[in-house]
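K.L.:
The structure's right below; bear with me while I get my questions together.
The values are calculated or read from the model by the stated rules, or taken from the named source; none is laboratory data. Everything quoted here is computed from the prediction, not taken from an experiment. Glycine gets a Cβ as well: all are built from the backbone with ideal geometry, and neighbour counts include every protein chain shown. The area values use the complete protein model at the heavy-atom level, side chains included, leaving out ligands, DNA and RNA. Shrake-Rupley method; radii C 1.70, N 1.55, O 1.52, S 1.80 Å.
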Amino acid sequence: MMIDTTPFRALTPDTQPPYLAPEYRSTVLRSPRSAPVAIPQTITELTGPVFTAPQFPPTDNLALTDGREALGERIIVTGRVLDEDGKPVPHSMIEIWQANAAGRYAHPGDTHDAPLDPNFRGSGRVFTDQNGAYRFVTIKPGAYPWGNHHNAWRPNHIHVSLFGPGFATRLITQMYFPGDPLLDLDPIFLATPDADARNRLIAAFDIGVTEPGRALGYHFDIVLRGRHATPMEN
Amino acid sequence: MFATASQTIGPFWHLIDDPAWFDLTRFGAEGERIAIEGRMTDGAAAGVTDAAIELFQTSPARSASFPGYGRTATGSDGTFRFVTIRPEPLSGPAGARGNALQAPHCGIAIFARGLLKPLFTRVYFAGEALNETDPILALIDPPSRRPTLIARQIAPARYHLDISLQGDAETVFLEF
């Protein structure tokens, strides 16, 4: 196997959240007090796990469980996974999970007094194609309360997990929805200092993705760390 | 373009959890099977009960029978366990620091409620002579913190590594 030994670029300051963000209370006892030790990227960081669809079967329609439709507003989410140079990240696995339309996770730890939907499990897995494009169908997740502070509510969001080409490109993030008034009150969303970086977490409504009579469409591109430019590329 | 901002995995990530993933050998890998187990604690020394721990290794070489990746959920007491194949020494970082061989190790990524982005660390194995000259361990100063990355052997082919997110025995986390 050919290994690309070009290191990944450092993340840009303020475009990522810190470990300690006291407004998000759970960070207080879980954030390290010592700064991380900077190390050069070796084969362990430059390469990553390789997932294949036969071993990790895709599930691209969360809105359908055993042939039955979930309750809620059916949506299509599509976009591309790119690196910081705009190059597509092909054949890469994406994991997805979310609350149901009422704002309840099909999880024993979720005690929110909102109904479960027997036709919604809330998890899926897709792979990008050769152009880095992905697509899945689901229902719009509901907002839900959480115990972080008085009257705290999470904005509507879908959790997204990506691997990319190296251990250094591992990313878990959340996709938000445009126009959500809870975003400006959410300490998780607000923890990223750079406003543009925050706003890139908000999907765009897309009438071109929307299917007549069936589902609203949203577009959400995801960018993974790029590699340092080689002299050849300059 | 800038890399997308990380967000927390949250407390309900188990919706994507497949308990079988703790076993990196499950696709029929060949080699010496070892167990890596431990407990994750927070700054109050309480068990971290809702974390995802990921293990990644490039030795043995990745193949259909060994993707080199596993993930497990911490339990109700913060404990975790992986089964994998013992890694071999690996080539070191390129460049000015030379090509000193890396001691056998696996990469670790930690995700949890309260972590807005992953914590990265490594697991090395007690008793490996190369630990003394490993070019990554050598970067950890003071050296007294290096053992936080070295799993102790508790039985044949069975290793234990505690992970402390915060506090006096805080694990050394890595940035790359």
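K.L.:
Scan segment A:167-185 and give yes if some residue there is part of a loop (DSSP other than H, G, I, E, B) and under 14 Å from the mean Cα position of the chain (by Cα), otherwise no. Before you say what the answer is, go through the steps one by one.
P.N.:
So the first thing to find is which residues in segment A:167-185 are part of a loop (DSSP other than H, G, I, E, B), and the list is A:170, A:177-182.
Still in the running and under 14 Å from the mean Cα position of the chain (by Cα): A:170, A:177.
Within segment A:167-185 (the criterion being part of a loop (DSSP other than H, G, I, E, B) and under 14 Å from the mean Cα position of the chain (by Cα)), the answer is yes, since at least one residue qualifies.
K.L.:
Follow-up. In this structure, does A:Arg80 turn out to be buried (at least 17 other Cβ atoms within 10 Å of the Cβ), part of a strand (DSSP E or B) and not aliphatic (A, V, I, L, M)?
P.N.:
yes
K.L.:
Which condition breaks for B:Arg122 when tested against (1) among the charged types (D, E, K, R); (2) at the interface with chain A (Cβ under 10 Å from one of its Cβ atoms); (3) open to solvent by 50 Å² or more (accessible area, probe 1.4 Å)?
P.N.:
(3)
K.L.:
Which one of B:Pro147, B:Pro142, B:Pro67 is free of Cβ contacts under 8 Å to residues at least 12 places away in the same chain and under 16 Å from the mean Cα position of the chain (by Cα)?
P.N.:
One residue alone meets the criteria, B:Pro147.
K.L.:
Out of (1) of a type outside the set (S, T, N, Q); (2) surrounded by 24 or more Cβ atoms within 10 Å (Cβ to Cβ); (3) assigned to a loop (DSSP other than H, G, I, E, B); (4) touching a Gly at 6+ places or on another chain (Cβ under 7 Å), what's the single condition that is false for B:Leu115?
P.N.:
(4)
K.L.:
Please find, within segment A:122-162, the residue that is nearest to the other protein chains (Cβ to nearest Cβ) out of those that are part of a strand (DSSP E or B) and hydroxyl-bearing (Ser, Thr, Tyr).
P.N.:
So the residue we want is A:Ser123.
K.L.:
Moving to a separate point now. Does segment A:19-26 contain any residue that is outside any loop (DSSP other than H, G, I, E, B), within 7 Å of another protein chain (Cβ to nearest Cβ), open to solvent by 20 Å² or more (accessible area, probe 1.4 Å) and not aromatic (Phe, Trp, Tyr)?
P.N.:
The initial filter retains those residues of segment A:19-26 that are outside any loop (DSSP other than H, G, I, E, B), namely A:25-26.
Applying the additional criterion that residues be within 7 Å of another protein chain (Cβ to nearest Cβ) yields A:26.
Still in the running and open to solvent by 20 Å² or more (accessible area, probe 1.4 Å): A:26.
Those still in the list that are not aromatic (Phe, Trp, Tyr) too: A:26.
The answer is yes, given that some residue of segment A:19-26 is outside any loop (DSSP other than H, G, I, E, B), within 7 Å of another protein chain (Cβ to nearest Cβ), open to solvent by 20 Å² or more (accessible area, probe 1.4 Å) and not aromatic (Phe, Trp, Tyr).
K.L.:
Can you confirm whether segment A:42-57 contains a residue that is of a type in the set (A, V, I, L, M, F, W, C), within 18 Å of A:Phe220 (Cβ to Cβ) and within 13 Å of chain B (Cβ to nearest Cβ)?
P.N.:
no
K.L.:
Would you be able to tell me the number of residues in segment B:5-41 that are open to solvent by 10 Å² or more (accessible area, probe 1.4 Å), closer than 22 Å to A:Gly164 by Cα and within 7 Å of chain A (Cβ to nearest Cβ)?
P.N.:
4
K.L.:
Filter segment A:95-112 for residues that are of a type outside the set (Ser, Thr, Tyr) and buried (at least 23 other Cβ atoms within 10 Å of the Cβ); which is farthest from the other protein chains (Cβ to nearest Cβ)?
P.N.:
As a first pass, look at segment A:95-112 and keep what is of a type outside the set (Ser, Thr, Tyr): A:95-104, A:106-110, A:112.
Now restrict to residues that are buried (at least 23 other Cβ atoms within 10 Å of the Cβ): A:96-100.
On the way: A:Ile96: 8, A:Trp97: 4, A:Gln98: 8, A:Ala99: 8, A:Asn100: 11 Å.
The qualifying residue farthest from the other protein chains (Cβ to nearest Cβ) is A:Asn100.
K.L.:
Taking B:Val83, is it within 28 Å of B:Leu116 (Cα to Cα), modelled with pLDDT of 95 or more, open to solvent by less than 40 Å² (accessible area, probe 1.4 Å) and over 15 Å from the mean Cα position of the chain (by Cα)?
P.N.:
The answer is no for B:Val83.
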